[in-house]
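Data block below; observations after.
The values are calculated or read from the model by the stated rules, or taken from the named source; none is laboratory data. Note that the coordinates shown come from a computational prediction; the quantities given were computed from them, not determined experimentally. No Cβ is skipped: glycine too gets one built from the backbone with ideal geometry, and neighbour counts run over all protein chains shown.
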Amino acid sequence: MKSTHRLQIGAWLDFLRHHIDAWIFQDQCVVEITEAVFADYAA
């Protein structure tokens, strides 16, 4: 049996494009929006 694997290397920010949620930000400054977006990716 033959198995094929694929490895793609990129910046960790590339993973954000695979996020399937749609977010709406209202009445928030840029800092608050940035913190909310990256909260799930904190180390």
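With the structure loaded, tell me whether residue 22 is in contact (Cβ under 8 Å) with a residue 12 or more places away in the chain and among the aliphatic types (A, V, I, L, M) or whether it fails that test. No; evaluated as a whole, the condition is false for this residue.
Screening the chain for residues that are among the β-branched types (Val, Ile, Thr) and part of a loop (DSSP other than H, G, I, E, B) and picking the one that is modelled with the lowest pLDDT gives 20.
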